[in-house]
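Enquirer: To start, I am sharing the structure in question, which I have written as structure tokens.
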Amino acid sequence: MKVLMYLFMVPLGALVVQVNDLSKIRGLYKSAAEVKVDAVQLNKLMLQVDSDAAPLLVCYKGANEMIQAKYTINPIVKFAKFNKGKDLIKKAFSRDTLNLEMRFIRFSIQSNLPTFLGYRDELDNDKRYLLNNTKDSKDTILKEMIFNYLTGLNVIKQEELKQLKN
């Protein structure tokens, strides 16, 4: 009986760690592109995530690779990190295409990358998805993240921002 109970408790404990880590990951993700110390902390968290983890975590891991590329000097390593990140994000989306937070992550990555990298193919679709689905999300922290990010972009019209609030 104790063994059976232990088998059920371990997965629940792992889930609690992931939920707590998600809050930390979100916070670090917001600042990692500008604050190198946060990028290092995010990278440490993402090293624990394997490619078979929940799609959202895999997507964050891919975004982390791209952020780490920013802090890399060697252009070959920089491009390898970019491609690894792109592949991880693609893998995450192959498992879950409707996740609002993943759409936000991909949109925020694609809207900040230089156009010569050619990774902007879902930018318009993700923007439309965010505008159409953010207001229905029950996750108020995620809604605030998306709204704050979109508010700072020049490509979002005021009418579209009002749509997010209603």
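The values are calculated or read from the model by the stated rules, or taken from the named source; none is laboratory data. Given the structure is predicted, the values throughout are model-derived calculations rather than measurements. Reconstructed Cβ throughout: ideal geometry from the backbone, glycine too, with neighbour counts over all protein chains shown.
Enquirer: Going through the stretch 148-162 one residue at a time, which ones are buried (at least 16 other Cβ atoms within 10 Å of the Cβ) and under 16 Å from the mean Cα position of the chain (by Cα)?
Expert: Tyr149, Leu150
Enquirer: Follow-up. Of all residues in the stretch 141-166, which are at pLDDT below 85 and in a helix (DSSP H, G or I)?
Expert: Gln158, Glu159, Glu160, Leu161, Lys162, Gln163, Leu164, Lys165
Enquirer: Being surrounded by fewer than 19 Cβ atoms within 10 Å (Cβ to Cβ) and outside any helix (DSSP H, G or I), is that true of even one residue in the stretch 15-34?
Expert: Yes, the stretch 15-34 contains at least one residue that is surrounded by fewer than 19 Cβ atoms within 10 Å (Cβ to Cβ) and outside any helix (DSSP H, G or I).
Enquirer: So, Asn99, is that one surrounded by fewer than 16 Cβ atoms within 10 Å (Cβ to Cβ) and modelled with pLDDT of 95 or more or not? Even if it seems obvious, please write down each step before you answer.
Expert: Numbers: surrounded by fewer than 16 Cβ atoms within 10 Å (Cβ to Cβ): no; modelled with pLDDT of 95 or more: yes.
No, not satisfied.
Enquirer: While we're here: If Asn112 satisfies all but one of (1) part of a helix (DSSP H, G or I); (2) surrounded by fewer than 14 Cβ atoms within 10 Å (Cβ to Cβ), what's the number of the condition it fails?
Expert: For Asn112, the failing item is (1).
Enquirer: Could you give every pair whose Cβ atoms fall below 7 Å, whose first residue belongs to the stretch 36-53 and is surrounded by fewer than 18 Cβ atoms within 10 Å (Cβ to Cβ), and whose second residue is at pLDDT below 95 and part of a loop (DSSP other than H, G, I, E, B), counting only separations of at least 6 or pairs across chains?
Expert: none
Enquirer: Go through (1) at pLDDT below 95; (2) under 30 Å from Gln163 (Cβ atoms); (3) assigned by TED's automatic domain parsing to the domain that holds Asp21 and name the single condition Gln48 misses.
Expert: Looking at each condition in turn, Gln48 falls short on (2).
Enquirer: If I ask for residues that are surrounded by 14 or more Cβ atoms within 10 Å (Cβ to Cβ) and farther than 19 Å from Phe82 by Cβ, which ones from the stretch 115-134 would you list?
Expert: Once the filter is applied, which keeps residues that are surrounded by 14 or more Cβ atoms within 10 Å (Cβ to Cβ) and farther than 19 Å from Phe82 by Cβ, the stretch 115-134 yields Lys127, Tyr129, Leu130, Leu131, Asn133, Thr134.
Enquirer: Now, a different point. Go through the stretch 121-144 and report how many residues are in contact with a helix residue (DSSP H, G or I) (Cβ under 8 Å, 6 or more places away or on another chain), closer than 16 Å to Arg26 by Cβ and free of Cβ contacts under 8 Å to residues at least 24 places away in the same chain.
Expert: 1
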